[in-house]
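Peer 1: What follows is a structure written as structure tokens; I'll ask about it next.
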Amino acid sequence: MNATAVAVANPSVSEPSLSANDFALFGLPQRFALDAALLQERWKALQRLAHPDRHAHAGAAAQRLAMQWSVRVNEAYQRLRDPLRRAAYWCELQGQPVQADSNTAMPAEFLLQQMQWREALEEARDPTDLQRLRHEVQAERDARLQTLAAAIDTHHDAAAAAAQVRALMFIERFLETLHERLDT
């Protein structure tokens with residue numbers, strides 16, 4: 001796949017390369033709020049051009065390049081379509097990696113809230129208790145997603161965005177645990 005073919009499929013992408021950032025690859029602005037339909041449309045267009053089957057009769061080098069493009073396009077799409085991964089990626093582009101594995105410091109208020117949710121989960125005796133807790137946690141998740149969007153799109157504050165991503169990662173893990181309990 002060549003740069004001209006990509007530019008034809010996506011006029012807002014002038015000279016894409018395998019090393020272009022995900023936003024540039026899809027011809028999208030570097031922001032949290034994205035048009036999901038446009039992202040999917042551009043992913044499909046890029047995949048049609050890059051799909052290895054399209055280059056089956058080309059030489060080995062062209063097939064390898066098509067495979068690299070296909071993998072690169074899929075990885076970028078998966079990252080951009082997930083709000084937390086997109087936000088973490090934006091932070092990295094701004095020089096503020098989330099460092100979820102090494103930076104687990106959270107405000108005391110948030111840690112207290114986590115402890116209260118864990119206690120509520122342990123003490124829940126019926127599905128109604130679990131549903132009530134799920135609604136509470138999802139409301140907090142939604143509020144933090146709005147704060148994250150503002151940190152990125154309005155304030156361009158990578159440090160605040162990274163802190164929100166770390167908090168949201170905790171919340172997502174808790175919601176997974178809660179959903180597992182609801183499913184049993």
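The values are calculated or read from the model by the stated rules, or taken from the named source; none is laboratory data. If you're wondering where the values come from, they're calculated on a predicted model, not measured in any experiment. Note that we place each Cβ from the backbone using ideal geometry, even for glycine, and neighbour counts take in every protein chain shown.
Peer 1: Name the residues in the range 124-153 that are of a type in the set (Val, Ile, Thr) and either touching a residue at least 40 places away in the same chain (Cβ under 8 Å) or over 15 Å from CYS91 (Cβ atoms) (or both), would you?
Peer 2: Listed by number, the residues that qualify are THR128, VAL137, ILE152.
Peer 1: Here's another thing I want to ask about it. List pairs: first residue in the range 72-83 and within 12 Å of GLN40 (Cβ to Cβ), second residue part of a helix (DSSP H, G or I) and among the acidic types (Asp, Glu) anywhere in the structure, Cβ distance under 7 angstrom, at least six positions apart or on different chains.
Peer 2: LEU80/ASP22
Peer 1: Something else now. Mind telling me which of the residues ALA167, ALA160 ends up being among the small types (Gly, Ala, Ser) and free of Cβ contacts under 8 Å to residues at least 40 places away in the same chain?
Peer 2: None of the other options fit; the residue is ALA160.
Peer 1: From ASP101, ASP142, grab the single residue that is modelled with pLDDT of 95 or more and outside the structural domain of LEU28 (by TED's automatic domain parsing).
Peer 2: On the way: ASP101 fails: modelled with pLDDT of 95 or more.
Criteria check complete, one pass: ASP142.
Peer 1: Also: What pairs come up if the first residue lies in the range 85-112 and is more than 14 Å from ALA160 (Cβ to Cβ), the second is at pLDDT 95 or above and among the hydrophobic types (A, V, I, L, M, F, W, C), and their beta carbons are under 6 Å apart, counting only those six or more places apart or on different chains?
Peer 2: If the second residue must be at pLDDT 95 or above and among the hydrophobic types (A, V, I, L, M, F, W, C), the pairs left are ARG86/LEU80; ALA100/MET169.
Peer 1: For ALA167, indicate whether it is touching a helix residue (DSSP H, G or I) at 6+ places or on another chain (Cβ under 8 Å), part of a helix (DSSP H, G or I) and not assigned by TED's automatic domain parsing to the domain that holds LEU34.
Peer 2: In short, yes.
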